[in-house]
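The values are calculated or read from the model by the stated rules, or taken from the named source; none is laboratory data. Since we're looking at a predicted model, the values are computed, not measured. With ideal geometry, Cβ positions are generated from the backbone for all residues, glycine too; neighbour counts draw on all protein chains shown. Just so you know, the surface numbers come from the protein's heavy atoms only, side chains and all, with ligands and any DNA or RNA stripped out. Shrake-Rupley method; radii C 1.70, N 1.55, O 1.52, S 1.80 Å.
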Amino acid sequence: MAIDTADPVTGPIDIPPSGRGRGRGAGRILRAVVGVDEDLMDRVPEERPKYTRQGALVVATAAMAAVSMGYAVFDVFDAPWPVIAGLALVWGVLIGILDSWLVISLNGVTGRGRRRLLLPRLLISAVVGVIIAEPLTIRVFEPTIVQRIGEDQQKADKDLLSAYLSCHSPAGAPGAVSIACENYRLPVAAPNDTGSLTTKQRELGRLETTIKRTEGIWTGKQRLARLECAGAGGSESGFSGLVGEGPRCARLTREAEDYEQSSGIQQMYARRAALNEEIARLTDTARDSGKDYDAAVVAAAEKEVARQQRNRPSRPDLLKKIETLNVLSAEKPAVLLGHIFLTLLFLLIDCSPVLTKLLSRPTMYDLRLAVLLSDRADAHDTQLRRTKRRRRNRDDLDAHRQDLVVRRGMADASREAGIEDAMREAQARKRLDDR
């Protein structure tokens, strides 16, 4: 790019550039990244290393962004390596272009407004830095994060198994009625119906009560018969006092026998024996069925836990790792400090191209570039004014020419009109003369 050779403000710019030190290698490429004008840099060659390193910072930041994006894509998507590398490269190039723009837009900025322009650019760089820093921080803490995730998953499996078992009470115990258990139902058939056993036990209880009451009445009647036949008491006690089978003895004995027949006490005894046998059989059946049911519940719960384990991703995703890192930071001060310092480190690295501008004064290159840009702006303004003036003069000349054409046309029209009037007047006189 050609440069004016007169600059009374910044020094001996009239010395022609030698072109030495430009090179064609990596240094020139790095300076091109931050928009360095090599023709102007030849005027201040001592600034060349500074801008070379600034370009290296931009490239390093872009490379760090590419690595961060590659790790993030690897954690989020199950994509082949070429796709991951391609996405990481595109992201790195975008971040490099953004950082390059942030730096180039500050080249040649001097004066009091310099910091006012730097701060918004620093904010943009900080936002991008946070996005880049988080995946890299996760990568540093990954062993601890993965270990914690594994421990959390094991605890979750134990809690899930416990929830399934607690919502399926052992056979014979009261069933779970909690609303929360609706989400922990297992496809396990209930144990054999114990309702029959309960019914039989209740029937036996009622029968025992009836037998006890009936036996009391029957035993009383038998006692009265025995006492009468044994000659107990006398007439004043209600007994005859006669020993042997007298009329009263026979009557009481017959009443006891009749009550035995009418009350059905013997049938009650037979029913009680049958109920005891049936209850014993049902108890054995329920006990065996309960063992099978409890084993089936445990097997089904373990199967459900294993199914949910299989449905988990083969590796935790990025969001899960970020969440776990936040939990670890809240629990362990060492992890919190490491998280903060690593994030700040990566953030400073990403902000370093803009920070170098913010923390340093305008260089000689910036001063010369500012003068050059100002001169070019003045030259362009002058050219615009000249162009505008030439265009205005040309428009005035065209308007004057048009005015002349109009005047000539009007003069010609006036002459033609005068000639026509003269001819008509001559013709009128001739007609008068002919008369």
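Listed values, structure above:
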read-out: Per-selection metrics, segment 52-159 (Cα): Rg and Dmax in Å; value: 18.8, 67
read-out: Inter-label distance, nm, simple model (7 Å from Cα along the C-beta direction), Arg53/Ala413; value: 8.2 nm
read-out: Förster radius 51 Å - calculated FRET efficiency between Lys332 and Ala379 (Cβ-Cβ, nearest 0.05); value: 0.20
read-out: Straight-distance crosslink candidates among lysines, where the alpha carbon sits under 23 Å from Lys50 and sequence neighbours closer than 8 are dropped; value: Lys357
read-out: Fully extended contour minus Cα-Cα distance, from Val298 to Met268, at 0.36 nm per residue; value: 6.4 nm
read-out: Estimated inter-spin distance, Leu119 and Thr219, nm [label 7 Å along Cα→Cβ]; value: 10.5 nm
read-out: Qualifying aspartates and glutamates (Cα of each under 16 Å from Cα of Lys158; at least 8 residues distant if same chain); value: Glu302, Glu304
read-out: Ile131 accessible area, assembled protein chains, probe 1.4 Å, Å²; value: 90 Å²
read-out: Average accessible surface area per residue within segment 320-374, 1.4 Å rolling probe, Å²; value: 50 Å²
read-out: Extended-chain gain in nm, criterion 0.36 nm per residue less alpha-carbon gap, Ile29 and Asn183; value: 49.1 nm
read-out: Net charge over other residues, Cβ less than 14 angstrom from the Cβ of Met268 (K, R count +1; D, E count -1); value: +1
read-out: Computed label-point distance, nm, for sites Gln154 and Ala280 using a 7 Å Cα→Cβ extension; value: 5.1 nm
read-out: Förster-model FRET efficiency, 45 Å R0, Glu46 and Trp81, C-beta, rounded to 0.05; value: 0.50
read-out: Stretch gain in nm, segment Asn311-Arg254, where the contour uses 0.36 nm per residue and the Cα spacing is subtracted; value: 12.3 nm
read-out: Aspartates and glutamates whose Cα lies under 15 Å from that of Lys303, excluding same-chain neighbours fewer than 8 positions away; value: Asp157, Asp159, Asp294
